[in-house]
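Working notes, beginning with the structure itself.
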Amino acid sequence: MNLEFDADTEEMRAMVVAFAQRELAGRGDTARAPFDTAGFRRRWRRAGEQGLVGGAVPADYGGSGLDAVASSAVMEALGYGGEDTGFAFSVAAHLFAALMPVVEFGTEEQKREWLPGLCSGELIAAHGITEPEAGSDALSLRTRAERKGDEYVLHGSKCFTTNAPVADVFVVQAATEPSGGFFGLTAFVVEAGTPGLSVGAPYDKVGLRGSPTADVHFDGCVVPAGRVLGTEGAGATVFSASMKWERVCLFAIYLGAMRRVLESTIAYAKEREQFGSPIGGFQAVGHRIVDMTLRLESARLLLYKAARGLARGDQDEIAPALAKLAVSEAAVQLGLDAVQVRGGLGMVGGEAETFLRDALPARVFSGTSEIQKNNVARALGLGSNRRPNRRR
Ligand SMILES: Cc1cc2nc3c(=O)[nH]c(=O)nc-3n(C[C@H](O)[C@H](O)[C@H](O)COP(=O)(O)OP(=O)(O)OC[C@H]3O[C@@H](n4cnc5c(N)ncnc54)[C@H](O)[C@@H]3O)c2cc1C
């Protein structure tokens, strides 16, 4: 598999790395300080000007028309260039979980209405399916959407909604037919400020602290029927398609961040001396760094294999699940190793410690590691007889 990018993609990657180093400096790790909404929006607009927040959206609607391979390459560069993995995560969640559903399932009118502002950096989007009682078992969600004439009335709550505190637009899943399983869900586009929609306080998360997360509540929120994405009952199809983008392209951020942390770990192991020589010369330390390299390189192969498949339009379920699983597990282990190589310094903050905390959520969002294994097992013809479409 040739992993070389064409000249245009290489140029774009260099531009994104330079942009992230210049504009996205800092770890977004504001400890317990209130979330800096104005600063976040300022950086978002700059990222929009660089074409980052709408990269995979067709040029007709304000994006750059990148396929899954080029989108992954850009996300990898973003993760490498800037230490604020949370900000990069917010950009990717907006693009792959909220904008791509509009691209793939929206009407011409919906695309024209929403996508230009969402690509330019003016507007921010969030995607909400997870609820307090419906995480991995996402299809069991309780948010109801009752049809009344030309409108739907939404009642219920979402949790863990990335970008909710700053979002202008929400792509929301609700049950139009309770107990209807795969065909019981419908996706809606709901504007912030719609009466009956409210957002909770930002979470205080272990990692990805540069990405704001909150609950979203719907209390008699009236949404015109023209805001349904796809058709009534197509919500799970919309969701599954967006998860393929997310499980591949979003996770490329972690490849870039792993590369950055690996490089600084190698530099540290060459510079730090104990017993009269650099610690990197001790076999135990050197082998640990080789294992970090091995994990990164093998996860990267799986991710770009999945990206190629996505770009070709493959319906394969295994490749995106394996990519997500490999990258997130590699990231956590690489974070642990990077902290260990730094000894005591690894415990008192810094790049390695921040990365480890940013890596932990990766094993959970977009479907946990266990759920990815379930997905692969099912695709291999193994596993239980539970409803085949309950997948998250
Ligand atoms: C940083 C972050 C950002 C997020 N952003 C969003 C977002 O923007 N929008 C959104 O909708 N959601 C978002 N989520 C929610 C995320 O998708 C869920 O947390 C995830 O799907 C797991 O659901 P849960 O937390 O309820 O865990 P649970 O489903 O309760 O799982 C708990 C544990 O049980 C295991 N488990 C559950 N079922 C099975 C099974 N069948 N087989 C084996 N093991 C199982 C899980 O793997 C896990 O280890 C985000 C989460 C995080 C951490």
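Would you point out the residue of the stretch 119-147, among those that are part of a helix (DSSP H, G or I) and either under 16 Å from the mean Cα position of the chain (by Cα) or modelled with pLDDT under 95 (or both), that is nearest to the ligand (Cβ to nearest atom)? Walk me through it before giving the result.
Kept after step one, since they are part of a helix (DSSP H, G or I), are these residues of the stretch 119-147: 119-120, 138-140.
Still in the list and also either under 16 Å from the mean Cα position of the chain (by Cα) or modelled with pLDDT under 95 (or both): 138-140.
Working: Ala138: 7, Leu139: 12, Ser140: 10 Å.
Filtering the stretch 119-147 for residues that are part of a helix (DSSP H, G or I) and either under 16 Å from the mean Cα position of the chain (by Cα) or modelled with pLDDT under 95 (or both), the one nearest to the ligand (Cβ to nearest atom) comes out as Ala138.
Among the listed residues Ala252, Ala269, which satisfies the condition of being closer than 24 Å to Gln21 by Cβ and buried (at least 24 other Cβ atoms within 10 Å of the Cβ)? Write out each step before concluding.
Details: Ala269 fails: buried (at least 24 other Cβ atoms within 10 Å of the Cβ).
The conditions single out Ala252.
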Picking from Ser71, Ser90, Ser136, the residue that is in the same structural domain as Thr194 (by TED's automatic domain parsing) and either within 24 Å of Pro320 (Cβ to Cβ) or crowded, with 20+ Cβ neighbours inside 10 Å (or both) would be Ser136
Given the conditions (1) surrounded by 24 or more Cβ atoms within 10 Å (Cβ to Cβ); (2) free of Cβ contacts under 8 Å to residues at least 40 places away in the same chain, every one holds for Gly350 apart from (1)
Going through the stretch 169-181 in order, the residues found to be touching a helix residue (DSSP H, G or I) at 6+ places or on another chain (Cβ under 8 Å) and more than 9 Å from the ligand (Cβ to nearest atom) are Val169, Phe170, Val171, Ala174, Ala175, Thr176, Glu177, Pro178, Gly181
Of the residues in the stretch 286-299, those that are touching a residue at least 24 places away in the same chain (Cβ under 8 Å) and closer than 17 Å to Ala338 by Cβ come to Arg288, Ile289, Asp291, Met292, Thr293, Arg295, Leu296, Ala299
Kindly indicate whether Ala311 is in contact (Cβ under 8 Å) with a residue 12 or more places away in the chain, assigned by TED's automatic domain parsing to the domain that holds Asp337 and in contact with a Pro (Cβ under 6 Å, 6 or more places away or on another chain). no
Practice task
Determine if the stretch 152-165 includes at least one residue that is without any contact (Cβ under 8 Å) to a residue 40 or more places away in the chain, away from the ligand (no atom under 15 Å from the Cβ) and surrounded by fewer than 18 Cβ atoms within 10 Å (Cβ to Cβ).
Solution key: no
Any chance the stretch 189-200 includes a residue that's within 14 Å of the ligand (Cβ to nearest atom), surrounded by fewer than 19 Cβ atoms within 10 Å (Cβ to Cβ) and outside the structural domain of Ala331 (by TED's automatic domain parsing)? yes
Picking from Glu370, Glu329, Glu317, the residue that is over 19 Å from Met258 (Cα atoms), in contact (Cβ under 8 Å) with a residue 12 or more places away in the chain and within 15 Å of the ligand (Cβ to nearest atom) would be Glu370
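Step by step: first the residues of the stretch 204-248, then only those that are among the acidic types (Asp, Glu) and within 15 Å of the ligand (Cβ to nearest atom), then the one that is nearest to Arg144 (Cα to Cα). Which residue is that? Quick ask: steps written out before the conclusion?
Of all residues in the stretch 204-248, those among the acidic types (Asp, Glu) come to 204, 215, 219, 232, 246.
Imposing the further condition that a residue be within 15 Å of the ligand (Cβ to nearest atom) reduces the set to 204, 215, 246.
Working: Asp204: 28, Asp215: 16, Glu246: 25 Å.
Of everything passing the filter in the stretch 204-248, Asp215 is nearest to Arg144 (Cα to Cα).
For the condition free of Cβ contacts under 8 Å to residues at least 12 places away in the same chain, in contact with a Ser or Thr (Cβ under 7 Å, 6 or more places away or on another chain) and of a type in the set (A, V, I, L, M), what is the one hit in Ala59, Ala70, Ala134? Don't jump to the end; show me each part of the working.
On the way: Ala59 fails: in contact with a Ser or Thr (Cβ under 7 Å, 6 or more places away or on another chain); Ala70 fails: free of Cβ contacts under 8 Å to residues at least 12 places away in the same chain.
From the options Ala59, Ala70, Ala134, the qualifying one is Ala134.
Could you tell me whether Gly200 is of a type in the set (Gly, Ala, Ser), over 27 Å from the mean Cα position of the chain (by Cα) and within 20 Å of Glu131 (Cα to Cα)?
On the way: of a type in the set (Gly, Ala, Ser): yes; over 27 Å from the mean Cα position of the chain (by Cα): no; within 20 Å of Glu131 (Cα to Cα): yes.
Considered against the rule, which asks whether it is of a type in the set (Gly, Ala, Ser), over 27 Å from the mean Cα position of the chain (by Cα) and within 20 Å of Glu131 (Cα to Cα), Gly200 comes out as no.
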Filtering the stretch 198-235 for residues that are more than 19 Å from Gln110 (Cβ to Cβ) and part of a helix (DSSP H, G or I) leaves a count of 0
Query raised in the report: outside the structural domain of Leu296 (by TED's automatic domain parsing), surrounded by 20 or more Cβ atoms within 10 Å (Cβ to Cβ) and either closer than 30 Å to Val16 by Cα or in contact with a Cys (Cβ under 9 Å, 6 or more places away or on another chain) (or both), is that true of Arg209?
Result: yes
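The values are calculated or read from the model by the stated rules, or taken from the named source; none is laboratory data. Source: prediction; values computed, not measured. Note: ideal-geometry Cβ built from the backbone for every residue, glycine included; neighbour counts use all protein chains shown.
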